[in-house]
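First the structure, in the form of structure tokens, and then the observations on it.
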Amino acid sequence: TGGGLRVVFLGGCPRRGGHGCRLSRRRFLLCTAGDFVKVYSAATEELVRLLRGHGGLVTGVGLNPHNRLQLYSCSLDGSIKLWDFTDGILIKTFTVGYKLLALYALDSCEDSVFVIIPKRGERDTFQLVSVKLTKTAGQDVEAKEFSVVLEGVDASPKCTAFGREGEYVASVKNFHLQVYFFKRKQLNRFSLRATNAKGGNNLFTCVACHPKEDCIATGHADGKIRLWRNFYHNKEYVFSTMHWHHDRVMDLSFSIEGTSLLSGGVEAVLVQWHSGSDCKKDFLPRLGSAIEYISVSSDGTLYCTLHTDNRITIINSNLRFSKSIQGLIRARDVKTGLVVDPRTKALVLNGEAGHLQFYCLQSDKQLYSLDIVQQEYIQQAGLNQTDLVKVAFSAQGKWLATVEEREEEPDLELHLKLWFFDEETQSFKLNTQISMPHDDHITAMCFRDMDELEDDSLILVTAGKDCLFKVWVILEDTDPEAQQSLSWSCDFVGSYHNYQATNCCFSEDGSLLAVSFEETVTVWDSSTWDLKCTFCHPPGKIRDICFGRLTCSKYLIGATDHGFLCCWNLLSCALEWSAHLNVVILQPDPLSEHIAAVSWLSKESSLFVFKPNEPRPICIQRNLCQEKIQFAAFVPRDVPETVGSEKYVWLRRSQLYFLTDAQELMTFSTKSSEERLTVSSKQLAVEESLPVTPFSLLLGKHRHQQSQGDIDLTKVVRNHHEQDSPAVKELLHTPAHVLPSASFLCPIFINSLLISKEKKSAEEVADEVEMESEEAEEDSDEEEDVTEMEQENTKSMDLLGEITCKLSKAEEKELRKVRKTDYSWISAF
Amino acid sequence: MASYKPMVVPAVPRLGEKVTQDTLYWQGYKTPVQIKEFGAVNKIDFSPVPPYNYAVTASSRVHIYGRYSQEPIKTFSRFKDAAYCATYRDDGQLLVAGSEEGSIRLFDISGKAPLRQFDGHTKAVHVVGFLADKYRIFSGGDDYSSNLWDIPSATEIVSYTEHTDYVRCGCASKLNGDVFITGSYDHTVKVFDARAKSSVMTIEHGHPVESVLLFPSGGLLVSAGGRFVKVWDVLKGGQLLVSLKNHHKTVTCLCLNSSGQRLLSGSLDRHVKIYSTTSYKVVHSFNYATSILSLALSPEDETIVVGMTNGVLNVKHRKPEESKEKSQKKRQPAYRTYVKGRNYMPKQEDFFVSKPGKCVLRKYDKLLKGFQSSKALDAVLEPHIRLYTPEVTVAVMQELNRRGTLRSALAGRDEKQISLLLTFVTRRVIEPRFTPILVTVADMITDIYQPVLGQSAVVDKQFLRLQEAIGREIDYQEELLEVLGMMDALFATLTKKKATYLEENKSNGLTKTLNQDTYN
């Protein structure tokens, strides 16, 4: 295909708001994700359907109260769509014409839904309106008929809730709670003071209504929950306060019978309050990250929480953790960059706080999460948390080095940890921990990548802001009684004129180490640790360096923050070429000579792929995305892809992934999006009604293969049936008592089943027929001859039924014409 | 979903000597028993048969000591002048000793008077011993000769006068009844075979030889002299295997342990060093009060006896091993409960369900789990934690600091608790591994309790002590920095020459590559 390169959004974290999730009775979990609605099976955490069709961010989903197999979704593109989510069919689209920010579908309202839309003419004011969904036939329906219910509501869907049987609606904004009674058409407003005596912040954050009683629960910014009762009266209302959260209550939800209230917040603890009292409560702590949404399934057996790190947790109603659905976990801050695990080919980056996530690109799932920091994570704003800042794998993935730091003015806590892959447990095991390997931040870390050599030649280099780079080697303890025989220790400490070391990298054969010190790149011999030579390209500090590979291994590439990309020749110790380019990321492909450089210029990122031996880039891709690209990584492909164009030959053996500021993971693809989608949807097709256990998957695969085999076979057979349909059809559909004897039919039937050469023969026969007909035309003088010939013709047609099929229509027409003329001629005679 | 992660107490690598299996083994001796002899102890020899009595030769006497006796159980004192080298025969029945006057006496263990006396040496005999065939004795004297004697007839069989200086040490092969070795002050070790007329091998040690030792296999020979201990391969014709220089004064005695895995050497520098006979590295060493002349290990390494120049005999007994008994004392569950479910043999198709191990949390962990920071700090200020495992206390402080609750945990304490805290900080703040966090703690305490300063004499005193401790540490660090500066200066002068040399080299390399380029 000569098609262009396109950027494909893979996953990650659409950080824009508007998430929501609903649990259906049939154990489906509906979740908005960007422009899509995802349908997961709550039992197997498998993605069942991906509903695509919206042209903007989907802001809300709601089950159709009158048909539990359908759901409404609303989006910023101004449309409400009705879906059959089990089959993934779009039933109807209602165009409203406003940006829709939230959607509420109620039992009591037959033909309308409530949505929040921005008020016309005013910025940042929103109103709750009820939209009448007309029952007219057709796919696309205009729904312009709506009535305003409440003015001045908050845009967040959490700030509005509908009460018992849809009798009233409660909405909170800032310090006000307003309740509107539909029947009485009465609006009650309750206000709180901005701060109370103890300095708590009374700002409303969310609201929930009791499903059976007249009771409203509101959450506040200081962590309090208020239960409002008797709010029919403007004066005689009462509320009780419950306080456990230490920070903002993020979401509230009543259980289906209203016996308990669920609340969640930054603490990552799901709190279950029983019967509205302060004293009886249950906790489910350590859910990983702050809870953003809480949802209760319509049969009340499951709870589900949506977290800020892009994860969905499914919880049993007895507060037992059940499952979690997680793709690429959104880290607070990705500092490790994108690293590829050589063993699993998974992308490795920051995940849950203090953890390293191994993200499988093929299945869009987290393989596992490795706890690096091994400390209890305290969910509290304003704490200096331990961050994972650097990760490096050895060439075979046998060793993993991690650096974690915690900065507390004026101290800095640094730990360098070395992990050994334990074949038995199939996981990384902590081997050595080094406290304060450097006196200041570690800026770079790399292993010596030498595939063929043994463990004892493994070298780790760390470069730090303390103007040093350190070389770490494995020590073998000969004492047989020692707990572990291998440990790491410092072998060499190097520095250069007291400049901060900013980058380090080994050449492909491991003989040279390049360390950049601010403006200078130094090259060291890795066996003697002698300084071999230095390069610099003033002015401008070195931002990134890398060695060329394979045929280009004599080149060293460096990018300066003054906007230059330089290529030095290591043999002549001279500058080979330089280019004016503001390179942010320099990423060499481990399997080829190609180097990808991502530049950032005037709010757009561009990609340049080049070989170090020639200054002209092979491929330039401008305007990759609006956000700044933070990290990039080449992931080797399992099977080299066939790339048509010379321009994209660099994509043959490995694929380039990159992560933007918004933590969105993207890649390049030469295939069109349809091709990709078919592949992915094939993978996702799972029988949704069955719980997908590993066994069923196995069985399913087996069955699938079988059925595929069957299909193949039947295809072959059917092809024939179709081809020789007249003969066989006749045979099959004619009543038995009319049929000639079997011995007569047998050769015809068997002939019809023959596969080879039939096309050819058919053509040949056709030719013959044509010739014969021509002859017939020629020798049309004699009637008898003609009839004879005709008989012959029909005979042959009878015998070889398929021939008639094979004759093209034009030919048939001609034949018929010939016949006609013949007869007319005869009649005229 | 994750469970609570207990606090990790950072492990600090132990400074100083590494505790190996060897150190543990050799430290397993009781405090030594000191016995005063009449003169320098020149030889200690253990009887090879139980009850492993040992003969100590000092001055003009040979004392026989029992295993645990403080007093000699027998004394041979028929020497006019100094006695030397009282040695047991293999069966522990006979004892032979040389003397200053040149005669060699043979004693029966049960008797008092010598059974035989061998005269022939003209000068003092410093070394005697039995050959492996039990009926002959070899001896070496200050008259440079090495003689062989027949016990039944008390006559000299052969006399070798090959050494050119005093013969002061020797040993007999345990495998061959004809072979014995002598070492002399003429820097040589000679191997004699009673069947040959002259020595069969001569080894140049390079220093006056003070002690020789043959491995039980007879293949390796160890000689000590000067500061060196040298190991020779006899089967390869006396090739030097390894030369050990771990003492800083003359090595006087050698000995092997019962298993033959360790070699011990005693020296005038007051040390006994223990070497591994596989790697020939020092695995342990003992210190003694004065210079060591003789050394012996009882079978099974039960006792180490060391004789010194000042006549003190130092006896160390091995501690009885208790640990096993202790574990046995632990009450076993009743047989029925113990056996319950354990005699079930799993079938092949059975599926194992392993029970997750129950995680027992320490007290401070439980409190930390419940976010009770003050109580957690209280828990680790208990005496047994504060005094014996200060790293736990400090780790909890660190954890509280990480959680941002250290200040509130430190606040609101009474006089007793503050003074306790301050004592802890004062004592531990100078330890480098604790310094960073304890400085923060000290800062916070002074911050918090500044307003109440002067209300309690005890607390004020503690504050002053803290100040004093920190002042001392600062002075100390300054001194260290000065020393470091001096050392840097020294190193700089040392490495300067090297650096210039390197630079020359580098320029050579560069010109070389340039030349290559031009050739290309």
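Readers should treat all values here as calculations from the given coordinates under stated rules, not as data from a laboratory. Since the structure is predicted, the reported quantities are computational estimates derived from the model, not experimental observations. Using ideal geometry, Cβ is built from the backbone for each residue, glycine included, and neighbour counts are taken over all protein chains shown.
Under Stokes-Einstein, with the Kirkwood radius over Cα pairs standing in for Rh, what whole-number D in µm²/s applies to the stretch A:369-509 at 20 °C and 1.002 mPa s?
Working: Rh = 16.2 Å.
Translational D for this selection: 132 µm²/s.
Need the full-extension length gain, A:GLU407 to A:SER147, defined as separation in residues times 0.36 nm minus the C-alpha distance. One decimal, nm.
On the way: separation 260, 0.36 × 260 = 93.60 nm, distance 5.47 nm.
Answer, rounded to one decimal: 88.1 nm.
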Checklist outcome for this item: In nanometres, the difference between 0.36 nm per residue of separation and the alpha-carbon distance of A:ASP333 and A:PHE744 is 139.8 nm
Checklist entry - What's log10 of I(q)/I(0) for the stretch B:363-473 at q = 0.24 Å⁻¹, Debye sum over Cα points only, no solvent? => result -1.52
Checklist entry - What is the helix-to-structure angle for B:435-449, meaning the angle in degrees between its Cα long axis and the longest Cα principal axis of chain B, kept from 0 to 90 and rounded to the nearest 10? => result 40 degrees
Next on the checklist: Give me Rg/Rg_expected for the stretch B:26-317, where Rg uses Cα atoms only and Rg_expected = 2.2 N^0.38 Å with N residues.
Outcome noted: 0.91
Checklist entry - Once amide H atoms are placed 1.01 Å from N in the peptide plane, what residues at a sequence separation of 5 or more from B:SER99, or on another chain, have their amide H within under 5 Å of its amide H? => result B:TYR84, B:VAL125
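If you count, for each residue, the other Cβ atoms within 10 Å and average over each peptide, how do A:71-82, B:103-114 line up from highest to lowest? Kindly include the intermediate steps, with their values, before the conclusion.
Working: A:71-82: 23.1, B:103-114: 16.6.
Order by mean packing, descending: A:71-82, B:103-114.
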Item to check | 17 Å cut-off, amide nitrogen to a point 7 angstrom out along A:ASP530 Cα→Cβ, residues in the stretch B:468-497 | outcome: B:496-497
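Sorting check: for B:234-245, B:302-313, which peptide has the highest mean count of neighbouring beta carbons within 10 Å, and how do the rest follow?
Numbers: B:234-245: 13.7, B:302-313: 21.0.
Descending mean neighbour count gives B:302-313, B:234-245.
Starting with the highest mean, order B:400-408, B:451-459 by the number of other Cβ atoms within 10 Å, averaged over the residues of each peptide.
Working: B:400-408: 18.9, B:451-459: 11.8.
The packing order, highest mean first, is B:400-408, B:451-459.
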Next on the checklist: For chain B, what are Rg and Dmax over the alpha carbons, in angstrom?
Outcome noted: 34.0, 99
Checklist outcome for this item: FRET efficiency for A:GLN626 and A:GLN362 from the Cβ-Cβ distance with R0 = 30 Å, rounded to 0.05, comes out at 0.65
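Quick one: pull the percentage of alpha-carbon pairs in the stretch B:43-133 with a separation above 23 Å. Walk me through the numbers before you get to the answer.
On the way: 609 of 4095 pairs.
Within the stretch B:43-133, distances greater than 23 Å cover 15 percent of Cα pairs.
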Checklist entry - Once phi is turned into ³J(HN,Hα) by the Karplus curve 6.51 cos²θ - 1.76 cosθ + 1.60 with θ = phi - 60°, what whole-Hz value does each residue of the stretch B:269-275 show in order, with x for glycine and proline? => result 7, 6, 10, 10, 10, 10, 10
Checklist outcome for this item: Between the alpha carbon centres of the stretch B:228-261 and the stretch B:52-95 the gap in Å comes to 27 Å
Item to check | Per-residue mean of C-beta atoms belonging to partner chains within 10 Å, peptide A:407-414 | outcome: 2
Next on the checklist: Calculate the FRET efficiency for B:TYR4 and B:THR495 from the Cβ-Cβ distance with a Förster distance of 51 Å, rounded to the nearest 0.05.
Outcome noted: 0.45
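Multiplying the sequence separation of B:ASN287 and B:VAL49 by 0.36 nm and subtracting their Cα-Cα distance, what value in nm do you get?
Numbers: separation 238, 0.36 × 238 = 85.68 nm, distance 2.92 nm.
Additional length available on full extension: 82.8 nm.
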Checklist entry - In whole angstrom, and with the biggest value first, how far do the Cα coordinates of the stretch A:111-191 range along each principal axis? => result 46, 32, 20
Next on the checklist: So, R0 is 60 Å and r is the distance between the beta-carbons of A:LEU591 and B:SER374; what FRET efficiency does that work out to, to 0.05?
Outcome noted: 0.55
Item to check | Listed pairs A:LYS280/B:LYS358; A:LYS390/A:LYS417; A:LYS345/A:LYS554; A:LYS345/A:LYS398 exceeding 22 Å between Cα atoms | outcome: A:LYS280/B:LYS358; A:LYS345/A:LYS554
Checklist outcome for this item: A:ILE618 and A:ILE89 label points (each 7 Å along its Cα→Cβ direction) are spaced in nm at 4.8 nm
Checklist outcome for this item: So, with points 7 Å from each Cα along the Cβ direction, the B:GLN21-B:THR75 label distance in nm works out to 4.5 nm
Item to check | Isotropic mean projected area of the C-alpha convex hull, the stretch A:7-155 (nm²) | outcome: 9.7 nm²
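With all distinct Cα pairs included, what does the Kirkwood hydrodynamic radius of the stretch B:455-494 come out to in Å, to one decimal, could you say? Let's see the in-between values first.
On the way: mean 1/r = 0.0814 Å⁻¹.
Computed over Cα pairs of the stretch B:455-494, the Kirkwood hydrodynamic radius comes out at 12.3 Å.
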Checklist entry - What number in nm² do you get for the stretch A:158-327 if you take the convex hull of its Cα atoms and divide its surface by four? => result 9.7 nm²
Checklist entry - From a point 7 Å beyond the Cα of B:LYS249 in the direction of its Cβ, which residues of the stretch B:296-317 have a backbone N at a distance under 20 Å? => result B:296, B:305-315
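Return A:MET445, B:MET201 ranked ascending by Cβ neighbour count within 10 Å, so the fewest neighbours appear first. Present the calculation step by step, with values, prior to reporting the outcome.
Numbers: A:MET445 23, B:MET201 16.
Going from sparsest to densest Cβ surroundings: B:MET201, A:MET445.
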Next on the checklist: For a 25 Å ceiling on Cα separation, which of these pairs sit above it: A:LYS158/A:LYS335; B:LYS74/B:LYS174; A:LYS335/B:LYS369; A:LYS541/A:LYS611; B:LYS134/B:LYS273?
Outcome noted: A:LYS158/A:LYS335; B:LYS74/B:LYS174; A:LYS335/B:LYS369; B:LYS134/B:LYS273
Checklist outcome for this item: Simple SL model, points at 7 angstrom along Cα→Cβ for B:ARG465 and B:LYS174; separation in nm is 5.8 nm
